[in-house]
Amino acid sequence: MLEITFRHDGHVTKNCYRFEEIDTDTNKPKDKSECAIPYKIYFSKHIFHHQSAPDEITVKVEW
């Protein structure tokens, strides 16, 4: 699970996402012990809907 928290002028927005690696042979999620894929997270300035960039972005990763 990936939890992203944005803090902007005292307001907090929290979003949670779940990613699973899918086995292409079985079309089912792989065992978590097999997953070792690096991820890069990019934020487009357009996601802030005409606001300036947040004061703080916190990313929490949970396996």
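The values are calculated or read from the model by the stated rules, or taken from the named source; none is laboratory data. The structure displayed is predicted, hence computed values, not measured ones. Every residue, glycine as well, gets a Cβ built from its backbone with ideal geometry; the counts of neighbours run over all protein chains shown.
Please verify whether region 32-47 includes one or more residues that are under 17 Å from the mean Cα position of the chain (by Cα), assigned to a strand (DSSP E or B), loosely packed, with under 10 Cβ neighbours inside 10 Å and at pLDDT below 80.
No, there is no match, as no residue in region 32-47 is under 17 Å from the mean Cα position of the chain (by Cα), assigned to a strand (DSSP E or B), loosely packed, with under 10 Cβ neighbours inside 10 Å and at pLDDT below 80.
Counting just the residues of region 1-19 that are part of a loop (DSSP other than H, G, I, E, B) and within 18 Å of V59 (Cβ to Cβ), which one comes out modelled with the highest pLDDT?
The residue in question is R18.
Name the residue that is modelled with the lowest pLDDT, counting only residues in region 48-63 that are outside any loop (DSSP other than H, G, I, E, B) and closer than 18 Å to H11 by Cα.
Going through the qualifying residues, I end up with F48.
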